[in-house]
Every structure is written in structure tokens, then in C-alpha cells.
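Below: one structure, written as C-alpha cells.
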Amino acid sequence: MSNKYSPAEIEPKWQQIWEEQQLYRATEDPERPKWYALTMLPYPSGDLHTGHWYAYTPSDAGARYRRMNGYNVLFPIGFDAFGLPAENAAIKRGAHPVTWTYANIEQMRTQLRRMGAMWAWEHEAVSCDPEYYKWSQWFFRKFYDAGIAYREYAPVDFCPTCNTTLAREQVWGDDRHCERCGTPVIKKNLEQWKFRITSYADELIDMLNNIDWPERVKVMQTNWIGRSYGAEVTFRTEQGDALEIFTTRPDTLWGATFMVLAPEHPLVGSVTSDAQRAAVEAYQEQASRMDEIQRGAADKEKTGVFTGGYAINPVNDEQIPIWIADYVMMGYGTGAIMAVPAHDERDFAFATKYGLEIRRVITGPDGATGPLEAAYDSKDTGEMINSGPFDGTPVKGAVGKVTEWLEANELGRGAVNYRLRDWLISRQRMWGAPIPIVYCETCGVVPVPYEDLPVLLPDDAEFKPTGESPLKYHEGFRYVKCPTCGGDAERETDTMDTFMCSSWYQYAYISPYWKSGEPLKADDMPWEKEKGDYWLPVDQYTGGIEHATMHLLYTRFFTKALRDLGVVDFDEPMQRLFNQGMILGPDGEKMSKSRGNVINPDEVVDRYGADTVRGYLMFIGPWDQGGPWDPQAIEGVHRFLHRVWAVVTEDVQLEKPLLDAGSAVDAAQERALERKLHQTILKVTDDIENFRFNTAIAAMMEFNNTLYKARETGVVNTVIWNQAVRDLMLMMAPIFPHIADELWHRQGNTSSVHRQRWPIGDPEKAREEEIIVVVQINGKVRDKLAVAPGTPGEELERQALALSNIVKWMDGKQARKIIVVPDKLVNIVMG
RNA sequence: GCCGACGUGGCGGAACUGGCAGACGCGAUAGACUUAGGAUCUAUUACCGCAAGGUGUGGAGGUUCGAGUCCUCUCGUCGGCACCA
């Protein structure tokens, strides 16, 4: 047995032993509390990068910690295996995406094993496996039956590079670019499949209170859903048509001096006068073309056209002109607004530009009633004027009063609007789960019967460089018989958004490929129910913040939909969430091949071993903060492991030092070591519990330094010394699993360190015998006292005033005031 | 524009409910051991100062016996949203 720390030898050895012993196999055990630890599954790009290590190894440490605390832990892994890169690779090489994908998965499994993580491989699931996606299709079918999935012709976002439509969540930034490839999206009018996530808008916001998620994510989801309370009010056109508007400020109804319709609003045609028709149609035409490019940035100057028509304001029967303008969107509210230029910034700008009346109906903070320089939109300060029955009402609370009044007079009603749009799941790509729908000439839209699932992807798809989905021109796939009437029919050739597959993978892991080869039924369970009852929901989820309003929103929606279908009996898929930060290149920039700042984890593992890489990544700083990779700083963690190795392997062989066993000096040293040990256990426990790995490691380093310095003293090989070394191994086990198990065995243990219980820190034993109390004069430290903990204040004050330094600084003067905080300080306030 | 997070040594970062700012690590300096050292060990390392001492947590105020921590304003960096009525 080599006596040198050689990770290259011990790490593969232990990984093999753990696997042989099936140490991390997760099976239900009603005797023990369960802990489902989940980390966002990787896309099988074929290369596991430092970012994966940064996301996964701390998650693993957390899972291992739970395990040592008596939990039955499930820590699975799988692959989000559908998606564009496989298809692009296929186009480039003329091979089928399945070939490329599975080769990559094989490669990544090897790389994942090198982390030394406690992956429950027998729970692995791969989303592009037909036995997986048949369930994705089953869910679609269930959603279709429940009215959650529907098809709609509407303007949608389209990425010209990825050649597919996108969900609203997948369009990012001011330039509205594709989340995947960065290309600005364009608008297209298409018939697409959507999920009714908007029906869950309220729950998605309100139930954020029930889960332990980072505030950041909660805020982002809340803003994304964008709930606003207000009222719907019915105006009338001259022709007598009802013209519904939504407003958050019904209290300003008396200040409406014109109305604005979205150019696409259905009433535009009927309200437009003959004189204005040409101008209105030209504007509509221009707006629809604008749509193709983009409907403009927020700070774009407002444009619009008068329709020549008028509407009646129901609160005061006034006739007000109707305009159309592209700052009003058909997709939000009713696509029509009442414009109150005095109290809305946008309406103010529009009214100013086109010379429309600005009528003040709320006084300023100082009671001002004169003309306005800018829109005054406070909801708190001012009172209503020029508002008929409401004159003199304070604006604070006016919204509610006016809404009640509208309801009583049947002019309007309280209403809620959301920014959230339904989830567009159609993708014009081949490498995804086919949408199980058939279009029949006679029966129309026909869902594929449950027993016919899965709709398989053809394995002879032909990829053409046009980027168009091969499913479109694959005759065998496309032309089918209608499942209902047997007549000629065509398959839907769009596939599902891959976020659909990842919305339920936490359930797939429970019993992967369950009911393999069996025909499905509507009342099936997609996983083994008893297993699901045991493991679900996820206790701890970890992953990147970039999914805040995509995956993390979708999977919450999905779970609520499943609950309503009776598949699950809980509301939220993940109880706790932690978002790790991003690991950056040594230059502080995002790692990228083009920048040349990529750190290859395989190379670093070759050089230092997986334990060092794991520990270094966790030592960099707070896990949610991320930070740059420092090629020098990793040496520090590596040195630490060498020093631990030295403490455990060398010093147990040292000859007993000269000091007499049991001497007073030895006894004091033993007590000091025990104290430090318990302090360390308490600190490390608290830190790992809260994912503060950096300070946990620092505490272990400090403790090892203590042991290192004590190597040649009388404490070596005492009972407490052996306890200290043993507990250090236990504390290191979650973060440094290989060296911990190796040294654990070298101490004579035969069972794995990963089967042991986490050490328990005793606050009594951790208590200091003597503490330093600072003595300040006017808040500046002038001397210190060493006293027993709990020394009473009067005693501290007496001792402090007797210190020669303090006497000198007080210079014979009287203290004005003396503040004593026991165990902390004495502050003498002079003059 | 709105919302949110963050600004601490040369660097990554510590600091519980306000109570010794800089734990731990990197780097640096000096020394030891070495044929050698980019290995290891020992010591020092916030800044100014020979010292006594003084100054320091982006900046300016404030509360307090006492502020990195609380409050107000301000500057900077990053992230999200952006004509949402």
C-alpha cells in the first residue's frame, strides 16, 4: 500500500468498490425518512464541462450529507436528450441524431462517473428514448382531453436560425432574441399547439409562498406572470357595439378623453368613417408589416391614426374620439384602452403629439388642479375632481370604490389581467417528441389513441440542409389513416418543445421506462405509484437561475395540471430550490472556446484528482455567487488534502512524544483539541446544511492545521486525537468522498465512511474556557481581558478599570458612561 | 424607465441577533531543508508610520456608547422586465 496521496490510484478504486457494493442504489425504505435530491439534468452535448462540475458536485455533497444524517437519499441523473444540436450534427454528417446522441450519452456517463458522485444510475432516464417519450405524448394526450392543450392560429415568435417557433419565455432581451442561439426572432402567423398555463396564473403566483425557493426566482416568476388588478368597463361605439376596455385605474375614468384600439382590433372596421378609412387601412397595413420585423422598442415615438369614429364614455356619456395606435397590443387585456392622458405617461405623450384634450381628474400632492407638465400617476396622493359623484374622494382606495360603483350601475366589473401567455409547445423540428395528433379530411383534428402511443420518430429520416424538419417530407410518417374513420389523414409533423420533456423528468426517474412495451391507457400511471408515493415530491432541487421563467415555471405548471388530472396529490414539484452561480474562466469571463478561457475538467482531474476539483469548486466562494476559476488557488485545496493525508497516515506512526501521559499539559491540550473538534463539527454541520461549502472547507482546513501543529505533542494517539481524526474523515466525506473513504479504511475501519452517521457536535464541549473581552475607550480598543465565560458585568468593569493601559488612557478623568456587554466588551465613554 | 442583487486587502473570499474587520485559501517577502525546487517546513503579510499611534469595508450624511451590518441620498457593476393599459 503506497504511503503517498495518489488520487489517480485511490479514486478509480473507490468508485469501483462503491459501484460493486451498489452503495448508492436508492430503494424505498419505509423505516427511514426519504430525501429526493435533484439537480437539473444535462443536455448530452458529449462534453461535460466545468459548469457541470460546479452544478453537480456541491449537489452531490449536499445529498451525501443528508444520507449521513439518516435519510434514504435518491440522487438520480439522466439526459435531456432531444434538441437541436443533435439535429444540426445530423445535417452536418448525414447521420441520424439518435446515433450522435447516444454516443454522447455514453461519453458523458463516463465523465459523470469521474465526479465520484452518488448517482443512482438505476434511475437514469433518457428523454429521447421511445419508452420515455411515449409518456410525454401520453401527457399531451391527457392535456388535450382536459382542454389544457389546444391549437390556435395567432402571431407567434419564430427563430430564423433554429427554424422553429418559440414560446414567449424563450424570447429574451430588448432585441427579443432566441434564448438558445441569440438570433432576433421574427413574427409569423401560424397555427400552433399551446398549453393553457394561463389558467394556473393565480396559483403559480400565490403558491410561491408555500415553497422554499430563492426570493430572486419568486420575484422573477411573479413579474413574468404579471398579474394586475383593475376593472373592465364597457364603452359603446356610435354604432352601438360594446367596446370593452381593461384599466387598472377605473378612478380616472372621468379623465378619458379618447380611446385607442390595437390596429388588429375587430371593431376597427366598423368604427372607421369613410373619410378616415384610407388612412386607417394604411396604418393597419404598416402595423402588420411592422409586426413582421418587430413592433418597436419601448422608447419608440408613438404613432396612431384617428378612425373618425366616436365612443360613449359610460360614466359621463361623453363622446370621445377613437384612435388606433400600435402602442396598444391586441394580446393584452381587450386590445382596447381608454386613454387618460392626464394620468398615464403613454397617453400623455400620445395626446401631446396629436393635440388631444388632457383633462385632469386627480389633484396634485399640493392640491394643484391646473394644467399638467407631465402625467401624474400617483395612486396614493391627491383627490378626485371633475369626476361627478366622486369629486373629493381621495385617490387612495378610490379604485375599489369606483369599481363597486361600476358594478352597482352595471357599467363594468372588477377584473384581473396577466402578462403571462399560454405556452407554445409546437416546434418545427424533427428531434423531439412528435405531437400525437392526426388531421383527417373528414374528422378534423384527431388525437392519437392512447394504445397507439408512442408515435415513433422514423429511424430513416433524411436530413436536408434546408433546416426543414424531415418529418414533413417523410411520407411513411406523414401520411396515415385516421384512427377514427380509417380515411386518409396526415400526421402533425411538429414536435414538442423539449421543455415539455424536462417538465416531468423528476417523475420519470422514479421508475424509468415503466410499462416498457405495454400499450398505454387513459387511466394509466406514468410511474410506479407506490414508489412515487414514497419519493415524491423533490425535497431539494438545484440548478441555474437561467431557468427561472422557463423550466422552473413550466414544471410547476405541469405538476399542477397533473394534480388536476389526479396523477399526483401535491401542488408543487420541488420543495426547496437552490440556484448555483456561474463558474467563469480565469479572466473572469464566461468560459467559451472563442475566448480560449475554457478549463477542461478532465485535465484538471488528471492532474489533481476529483476530490481536489470538487473541493476547489466549493471553496471558491458562496455557491450561489459563482466566480472565476483560479488555476493557482486550486493548489491550496490540493495541499490541504496532502496535509490531511499526512496527519492520518504519518503521525499515527510517530513515537510517543516525551511528555508524560496524563500530565497537566497533556490534559489541557486534550481539552483544547476536543473543544476545537466540537466547534468544527458544529460549524461544518451548519454550513453544509445551508450550502455554505466554502466556509465548511475553511473550518476543516483550520481544524486540520490544528492537528498538523499538534502532531508532535502529547495528544497524538490519545482517545480524543483518534476521535478527532475519525470525525474529520466523516466531515470530509460529503465533499471529498474518495480520500475520506481511503483514509477511513487506513484507520482500520472496514465499512465505508459513506455508511457512517454524521458526527454530532456538542455545544457544551465546544464552549471556550476563557474568552477575550475587549476594553474600549470611546469605541477604540485599548486593551483586552482574558476571563471565564459568563463573568458578570460588574466584575468585567472592575477589572477593565484596573488595567494599566486603561488607567493611562483615562488620564485620571471620570468616565461619562461605561457600557458592558458580558463576554464581548467593555466600552468606557469619556468626556 | 421599473424591479432585484451586489460593491470588504494585490486576488478569491470570512465576519451569528450592530460589539476585536480581514477567518480560510491564493499570491508575495524572509528564512530552513535541499545538487535543485515551481516540493515541503517556519515566520511575516490591510494601509500610513522607526515607534507611539493613526486611517480603513464604493462615496456623502444620519441613528447609536459602538455601524461592513440599520436608515436616507448618491455613484458603480451585474441580472430581470420593458409601450401590459
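Which percent, to the nearest 5, of DSSP beta bridges fully inside region A:771-830 are antiparallel? Of those bridges, close to 75 percent are antiparallel. The aspartates and glutamates within cross-link reach of A:LYS817, meaning a Cα-to-Cα straight distance under 18 Å and a gap of 8 or more places when in the same chain, are A:ASP783, A:GLU794, A:GLU795, A:GLU797. How far is helix A:693-709 tilted off the main Cα axis of chain A, in degrees rounded to 10, range 0 to 90? Helix A:693-709 sits at roughly 10 degrees to that axis.
Placing unit charges on each Cβ (+1 for Lys and Arg, -1 for Asp and Glu) gives chain A a dipole about its Cα centre, and among A:ALA696, A:PRO449, A:GLY626 the Cα reaching farthest toward its positive end belongs to A:ALA696.
Taking a ≥ b ≥ c as the square roots of the eigenvalues of the Cα gyration tensor, region A:418-472 is classed as oblate, since a/c reaches at least 1.5 and a/b does not exceed b/c.
With viscosity set to 0.692 mPa s and temperature to 37 °C, compute the Stokes-Einstein D of region A:537-650, Rh being the Kirkwood radius across alpha carbon pairs; µm²/s, no decimals.
Details: Rh = 17.0 Å.
Calculated translational D: 193 µm²/s.
Between 0 and 90 degrees, the angle of helix A:610-619 with respect to the longest Cα principal axis of chain A falls at about 70 degrees. Residues A:THR183, A:THR39 in ascending order of nearby Cβ atoms (within 10 Å, fewest first): A:THR183, A:THR39. Counting neighbouring Cβ atoms within 10 Å and putting the fewest first, the residues A:MET731, A:MET259, A:MET118 line up as A:MET118, A:MET259, A:MET731. Converting phi to 3J(HN,Hα) with the Karplus coefficients 6.51, -1.76 and 1.60 and the offset θ = phi - 60°, region A:152-169 yields 8, 9, 6, x, 9, 7, 10, 9, x, 7, 7, 6, 7, 6, 9, 6, 4, 5 Hz in sequence order, with x at every glycine or proline.
For the residue pairs A:LYS780/A:LYS824; A:LYS142/A:LYS194; A:LYS676/A:LYS784, alpha carbon separations beyond 19 Å are given by A:LYS676/A:LYS784. For A:ALA415, nonlocal amide neighbours, meaning residues 5 or more places apart or on other chains whose placed amide H falls under 5 Å from its own, are A:GLY230, A:ALA231, A:GLU232. Our coupling estimate for region A:793-802, obtained by passing each phi through the Karplus curve with A = 6.51, B = -1.76, C = 1.60 and θ = phi - 60°, is x, 4, 5, 4, 5, 4, 5, 4, 5, 8 Hz, Gly and Pro reported as x.
When the Cα positions of A:ALA95, A:PRO792, A:LEU261 are compared along the charge dipole of chain A, A:PRO792 comes out farthest toward the positive end, with charges on each C-beta of Lys, Arg, Asp and Glu.
If you sort the three axes of the alpha carbon gyration tensor as a ≥ b ≥ c, you get a/c of 1.5 or more for region A:733-773 and a/b above b/c, which makes it prolate. Secondary-structure-derived ellipticity at 222 nm for chain A, considering helices only, amounts to -11000 deg cm²/dmol, per-run term -39500 (n - 2.57) for DSSP H runs with n ≥ 4. Beta-bridge orientation, chain A: approximately 75 percent antiparallel, per DSSP, counting only bridges with both partners inside.
Normalised radius of gyration (Cα atoms, divided by 2.2 N^0.38 Å) for region A:771-830: 0.98. Hey, how many Å between the Cα centroid of region A:713-750 and the Cα centroid of region A:64-126? Cα centroid to Cα centroid, the span is 33 Å. Taking one quarter of the surface of the convex hull spanned by the alpha-carbon atoms of region A:651-810 gives a direction-averaged projected area of 12.5 nm².
The angle between the Cα long axis of helix A:130-145 and the longest principal axis of the Cα atoms of chain A comes to about 40 degrees, rounded to the nearest 10. Taking every DSSP bridge with both residues inside region A:228-417, close to 90 percent are antiparallel. Taking a ≥ b ≥ c as the square roots of the eigenvalues of the alpha carbon gyration tensor, region A:309-456 is prolate, as a/c is not under 1.5 and a/b beats b/c.
Here chain A is assigned +1 on the Cβ of each Lys and Arg and -1 on the Cβ of each Asp and Glu. Its dipole about the Cα centre then comes out at about 1940 debye. Between A:ARG782 and A:VAL775, A:GLN776, A:ILE777, the built amide H atoms are under 5 Å apart, and every one of these is 5 or more places off in sequence or on another chain. D by Stokes-Einstein for region A:228-417, Kirkwood Rh over Cα pairs, 4 °C, 1.567 mPa s: 77 µm²/s. I'd like the Kirkwood hydrodynamic radius of region A:702-745, using the inverse of the mean 1/r over distinct C-alpha pairs, in Å. Final number for the Kirkwood radius of region A:702-745 is 10.9 Å. Taking the number of Cβ atoms within 10 Å of each Cβ as an exposure proxy, the fewest-first ranking of A:CYS178, A:CYS482 is A:CYS482, A:CYS178. For region A:253-261, putting each phi into the Karplus relation 6.51 cos²θ - 1.76 cosθ + 1.60 with θ = phi - 60° gives couplings of 3, 6, x, 6, 10, 6, 10, 10, 9 Hz, in residue order, rounded to whole numbers and with x for Gly and Pro.
Close Lys pairs in region A:228-417 (alpha-carbon distance under 29 Å; sequence gap of 8 or more, or different chains): 7. For trypsin sites (Lys or Arg not before Pro), the sites in region A:690-771 that DSSP calls loop and that have at most 13 other Cβ atoms within 10 Å are A:ARG757, A:ARG767. Amide H to amide H, with H built 1.01 Å from N, A:GLY309 comes under 5 Å of A:SER273, A:ILE322, counting only residues 5 or more places away or on other chains. For the Cα trace of chain A, dividing Rg by the Kirkwood Rh returns an Rg/Rh value of 1.07.
Read the figures in this text as sums done on the coordinates, not as results from a lab. Every value quoted in this text rests on a predicted model; they were computed, and no experiment measured them. Because the Cβ atoms are built from the backbone with ideal geometry, glycine has one as well, and the counts that use them run over all protein chains shown.
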